[in-house]
């Protein structure tokens, strides 16, 4: 195999990974559905090996579960999984906003406020799909503001699990502003550069969301 061929395989694997991840997160491939390597390769116009590599990455990230004699299936989402996710988010994101409150520049805070305003607009109009995308953008940008690549890699994967869960949650429930959490208190704490207040606001946001989920289960 030449270096050029190897590079092409790497690109094909990345294409397969991004496509599969997108389908899993937005529920085109719902929990429990089987991923067919051959069919996916044919659909994307690539070989089975890049698809297999993508499946291995997604299994490592817990988006897929590889079962003997069944192949890869989209990982289920149970109450234990969701509570573990919230615990991990609280540990990571409260630390993130604590750091951001100390480091954030005026330009970064202006961008964050714009992202939060978009989420609040969608929240007020009960447009849950736009709200979820906007809320995800808020959390992802907060992690970006720390400027720590190792932290960002871990947080990005966690936030995609979060987005997949909320897509599933809202797929069976009527949207209501009272069940879509705002970040207004967090933004105020960050703009005041108060790390403890920022961590407290994020913890309150996550705990309110977790209580909502526990009621649903």
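The Cα-based radius of gyration and maximum Cα-Cα distance (Dmax) for region 122-162 are 11.7, 36 Å. Annotation for residue 151 and residue 133: the two label points, set 7 Å from Cα along the Cα-Cβ direction, are 2.8 nm apart. Put simply, the Cα atoms of region 79-216 extend 40, 31, 23 Å along their principal axes, the longest span coming first. All distinct Cα pairs of region 3-74 go into the 1/r average, and the inverse of that average, the Kirkwood radius, is 12.1 Å. How far is helix 3-25 tilted, in degrees, relative to the longest principal axis of the Cα atoms in the chain, given as a value from 0 to 90 rounded to the nearest 10? Its long axis makes an angle of about 60 degrees.
Find how much the distance from residue 84 to residue 203 grows on full extension, using 0.36 nm per residue of separation minus their present alpha carbon separation; answer in nm with one decimal. It would help to have the intermediate numbers written out before the result.
On the way: separation 119, 0.36 × 119 = 42.84 nm, distance 1.49 nm.
Taking residue 84 through residue 203 to full extension adds about 41.3 nm, to one decimal.
For the pair residue 92 and residue 28, label points projected 7 Å from Cα toward Cβ lie 2.4 nm apart. In region 1-153, Cα pairs under 8 Å separated by at least six residues give a relative contact order of 17 percent.
Can you give the FRET efficiency to the nearest 0.05 for residue 14 and residue 172, using r as the Cβ-Cβ distance and R₀ = 30 Å? All intermediate terms of the calculation are to be shown ahead of the outcome.
On the way: r = 33 Å, r/R0 = 1.09.
Working from the Cβ atoms, E equals 0.35.
Going by neighbour counts of Cβ atoms within 10 Å, the residues 26, 135, 114 line up, fewest first, as 114, 26, 135.
Report relative contact order for region 107-171 in percent, whole number only (criteria: Cα-Cα under 8 Å, sequence separation at least 6). Write out the running numbers ahead of the final one.
Values: 38 pairs, mean separation 19.5, N = 65.
Computed over region 107-171, the figure is 30 percent.
Taking the Cβ of each residue in 92, 46 as the centre, tally the other Cβ atoms inside 10 Å and list the residues starting with the fewest. Please list the in-between numbers first.
Values: 92 16, 46 20.
The fewest-first ordering by Cβ neighbours comes to 92, 46.
Across region 77-217, Cα pairs under 8 Å and at least six residues apart give a relative contact order of 40 percent.
Which whole number in µm²/s is D for region 46-125 by Stokes-Einstein, with the Kirkwood Rh taken over Cα pairs at 37 °C and 0.692 mPa s?
199
For the chain, the mean residue ellipticity at 222 nm estimated from helices alone is -24500 deg cm²/dmol, where every DSSP H run of n ≥ 4 contributes -39500 (n - 2.57) and the total is divided by all residues, rounded to the nearest 500.
Read-outs throughout are calculated quantities, based only on the coordinates presented, and are distinct from any laboratory measurement. Because the structure is a prediction, the values reported are computed rather than measured. Cβ atoms come from the backbone with ideal geometry, glycine included; neighbour counts cover every protein chain shown.
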